[in-house]
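The structure under discussion is supplied below as structure tokens; questions concerning it will follow.
The values are calculated or read from the model by the stated rules, or taken from the named source; none is laboratory data. The structure displayed is predicted, hence computed values, not measured ones. Ideal geometry is used to build each Cβ from the backbone, glycine not excepted, and the neighbour counts take in all protein chains shown. Heavy atoms of the whole protein, side chains included, go into the accessibility calculation; ligands, DNA and RNA do not. Shrake-Rupley method; radii C 1.70, N 1.55, O 1.52, S 1.80 Å.
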Amino acid sequence: MTRRIIIVGGGVAGTMVANRLAKSLENEVYSGELEVVLIGNTGKHIYQPGFLFMAFNEGFLEQFAREEKYLLHPKVNFVMDAARHIDVDRKRVITGKQSFDYDFLVIATGSYPDMESVPGLAAGGHTFYTPEGAERLRHEILNFQGGTLLVTIDVPHKCPVAPLEFIFMADDYYRETGIRNKVKLKYTYPIGRVHSLEPVAKWAVKEFEKRGIEYEVFFNLEKVDPEKKIAYNMDGSEHPYDLLIAIPAHRGARVIQDSGLGDEDGFIPTDRYSLKMEGQDCVYVIGDATDLPVSKAGSTAHYEADVVVKNLISELKGLPATHRYNGKAFCFIETGLNEATYITFNYKQPPQPVPPSEMLHWFKLSYNEMYWLSARGIL
Amino acid sequence: MSEVNITKTIDARGSYCPGPLMELVKAIKRGQVGDVYELLSSDNGSAKDVPEWVNKMGHELVYCREEGDFWRIAVKKTK
Ligand SMILES: Cc1cc2nc3c(=O)[nH]c(=O)nc-3n(C[C@H](O)[C@H](O)[C@H](O)COP(=O)(O)OP(=O)(O)OC[C@H]3O[C@@H](n4cnc5c(N)ncnc54)[C@H](O)[C@@H]3O)c2cc1C
């Protein structure tokens, strides 16, 4: 009898898992013993770090998008349809058109920035966390003649270093276009330092001071007045802006909430080492969809995919799932338009940024291209 | 002190990034005025970071005590 693994979500995590499974178990998928089904609600696979480059007119969406079907191993059964309901009791996923039973399920539905999470934000602010948002923001950035550019950050959100990269790139961009003296750059952060990781915060503050970027900590955006162009902090203070760029609180995919699987924000309770959904033996959760206390990042998804694939293979072969995720993450950080640094850390070891260099910037740009090999399960 | 009604306990022990305080910020932003959130954190920094944040944002620190190898901190949303 054919056994079936269903993966829901064809982003970084889902695509890697599907490809690696099909490749590692090629005999089984070709003989029909195993079917790998990937349910994805879009035919386009988008490399999200590209949004940052799009915002500064350093690239267009086409450069950062591929057809999902061309990225997939030929034996992955790609079902392009939205999962409407995930029934873990009956081991079944229902899409708009069909219903699939599974032996194992991998939930990789990601997270999305919710501009509705703060009153007035959708009308008064911009974000570069979505393709449409990055395109809209590009117009604003390129046509900006000067004034206050305010960045606000809410929790939880993905890629915790992207807002820092954004502000450093903005600093460089306006220096290059010659209007930096007319632009007030202001970076804010919800807690008492400019980044949740202390070593990153210390490093970033030095950079801010060197470059004349203003910053304010304990800033929790509570509402926005789009007409008056004022952002309000939770402590009641008013912050006028000319261009507001927000990284709003993220939520898990709607199907997670509709299926009653997530917490109040739609993130799924997940065992931090085994990556199984709490209380479920046949369900793994991976990438942004988990409630794990690690950064929501592509690299996290990548390391998690390694563990999930190995454990699925073990389980299919009747062995216990012994591989464990140790919280590993790796992030490049663009520190301008020509330099970058990186951090790596796990549940136990804190990150320590290395001095920025042009070489690391080129590594990051190279990874933008190599990403497609990772997604294919090659790298 | 024992009369406090806890709306929700957030167990952030062993959490490293984005950190226990971030978990609390998330809960408070979502919650209703009067809710009390209790945070369990094994990160020593929380004993300083959390009261500081609560104070700045104008909420109320109900208690902050060490219990073996972790901290138990309760915060009331006041506005
Ligand atoms: C501006 C920006 C910069 C970033 N930079 C970096 C970086 O430098 N390094 C890094 O490591 N990470 C970075 N990230 C974060 C990284 O892109 C995400 O963390 C990563 O994509 C998470 O992978 P995922 O597979 O969990 O979710 P996603 O890649 O978001 O994929 C989820 C998929 O599930 C699909 N889906 C959702 N609901 C359903 C449904 N009901 N049915 C079917 N399909 C569904 C979605 O359409 C999507 O295709 C960045 C993100 C942004 C926005």
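How much accessible surface area, in Å² rounded to 10, belongs to the heavy atoms of A:Thr42 with a 1.4 Å probe?
70 Å²
Something else: Points 7 angstrom from Cα along the Cβ direction at A:Arg175 and A:Arg90: gap in nanometres?
Placing both labels 7 Å beyond Cα along the Cβ direction yields 6.0 nm.
Can I ask one more? Starting at the first residue of the range A:270-287, write each ³J(HN,Hα) from the Karplus equation 6.51 cos²θ - 1.76 cosθ + 1.60 with θ = phi - 60°, in whole Hz, x for Gly and Pro.
Computed from phi, the couplings for the range A:270-287 are 10, 5, 5, 9, 7, 6, 8, 4, 3, x, 10, 7, 10, 10, 9, 10, 8, x Hz.
Here's something else I'd like to know. Scan around A:Ile7 for amide H atoms under 5 Å from its own, H built in the peptide plane at 1.01 Å from N, and keep only partners 5 or more places away or cross-chain.
When sequence neighbours closer than 5 places are left aside, the close amide H contacts are A:Val37, A:Leu38, A:Ile39, A:Val106.
Residues of the range A:168-215 with accessible area at least 20 Å² lower in the all-protein-chain context than alone (1.4 Å probe)?
Correct list: A:Ile191, A:Arg193, A:Ser196, A:Leu197.
Going toward the positive end of the dipole of the protein assembly as shown, with +1 on Lys and Arg Cβ and -1 on Asp and Glu Cβ, which of A:Phe166, B:Ile10, A:Tyr30 do you reach last?
Result: A:Tyr30.
Provide the buried accessible surface between chains A and B in square angstrom, both chains summed, 1.4 Å probe, rounded to the nearest 100.
Summed over both sides, the interface buries about 2300 Å².
With equal scatterers on the alpha carbons only and no solvent term, can you work out the Debye log10 of I(q)/I(0) for the range B:11-77 at 0.16, 0.22, 0.28 1/Å?
Here log10 of I(q) over I(0) equals -0.44, -0.85, -1.36.
Given N residues in the range A:113-250, what is its alpha carbon radius of gyration divided by 2.2 N^0.38 Å?
0.97
Roughly speaking, what is the stretch gain from A:Cys282 to A:Lys210, that is 0.36 nm per residue apart minus the C-alpha to C-alpha distance, in nm to one decimal?
In short, 20.8 nm is gained.
Given the -39500 (n - 2.57) contribution per DSSP H run of 4+ residues, what per-residue ellipticity at 222 nm results for chain A, rounded to the nearest 500 deg cm²/dmol?
Only helices count here, giving -9500 deg cm²/dmol.
³J(HN,Hα) across the range B:52-61 via Karplus (A = 6.51, B = -1.76, C = 1.60, θ = phi - 60°), whole Hz, x for Gly/Pro?
Karplus values, whole Hz, x for Gly and Pro: 4, 4, 4, 4, 4, 8, x, 9, 10, 8.
Work out, step by step, the length gained on full extension between A:Lys310 and A:Lys228: first 0.36 nm times the residue separation, then minus their alpha carbon distance; give nm to one decimal.
Full extension from A:Lys310 to A:Lys228 adds 24.1 nm.
Would you mind working out the accessible area per residue for the range A:206-300, using a 1.4 Å probe, and quoting it in Å²?
Spelled out: the 1.4 Å probe surface of the range A:206-300, per residue, equals 39 Å².
Oh, and also: Amide H to amide H, which residues 5 or more places from A:Thr335 or on other chains are under 5 Å from it, using H placed in the peptide plane?
When sequence neighbours closer than 5 places are left aside, the close amide H contacts are A:Ala340, A:Thr341.
With a probe of 1.4 Å, find how much accessible area the range B:11-77 has per residue, and write the answer as a whole number in Å². Don't skip to the end; give the middle numbers.
Values: 2770 Å² over 67 residues.
Dividing the accessible area of the range B:11-77 by its residue count gives 41 Å².
Could you please state how large a percent of the accessible area of the range B:7-79 is carbon and sulfur, counting protein chains only and using a 1.4 Å probe?
45 percent
I would also like to ask the following. For chain A, give the share of DSSP beta bridges that are antiparallel, in percent and rounded to the nearest 5; count only bridges with both residues there.
45 percent
Could I have the simple spin-label model distance between A:Ser99 and A:Lys348, label points 7 Å from Cα toward Cβ, reported in nm to one decimal?
Going from the A:Ser99 label point to the A:Lys348 one covers 4.7 nm.
A follow-up question, please. Can you work out the Karplus-derived ³J(HN,Hα) for every residue in the range A:145-152? Use 6.51 cos²θ - 1.76 cosθ + 1.60 with θ = phi - 60°, whole Hz, and x for glycine or proline.
Result, rounded to whole Hz: 9, x, x, 9, 9, 10, 10, 10.
Given a 1.4 Å probe and every protein chain left where it sits, what share in percent of the accessible area of chain A is carbon and sulfur?
Details: 7740 of 15680 Å².
Of all accessible area on chain A, carbon and sulfur atoms account for 49 percent.
Report, by chain and number, residues whose modeled amide H sits under 5 Å from the one on A:Lys184, excluding near sequence neighbours (fewer than 5 apart, same chain).
Amide H neighbours of A:Lys184: A:Gly147, A:Thr148, A:Leu149.
Suppose we compare each residue of the range B:45-79 in its chain alone and in the full protein complex with a 1.4 Å probe; which ones drop by at least 40 Å² of accessible area?
B:Trp53, B:Lys56, B:Met57, B:Lys79
Please list, by residue number, everything in the range A:10-45 whose backbone N is under 15 Å from a paramagnetic label point 7 Å out along Cα→Cβ of A:Ile378.
It comes to A:16, A:19-20, A:23, nothing else.
Can I ask one more? Can you tell me how the protein assembly as shown classifies by the Cα gyration tensor, rounded, prolate or oblate, using a/c under 1.5 as the rounded cut? Walk me through the intermediate numbers first.
Values: a/c = 1.78, a/b = 1.27, b/c = 1.40.
Since a/c reaches 1.5 but b/c is at least a/b, the shape of the protein assembly as shown is classed as oblate.
Also: Keeping all protein chains in the complex and leaving out DNA, RNA and ligands, what accessible area do you get for A:Ile378 with a 1.4 Å probe, in Å² to the nearest 10?
Roughly 100 Å² of A:Ile378 is accessible to a 1.4 Å probe.
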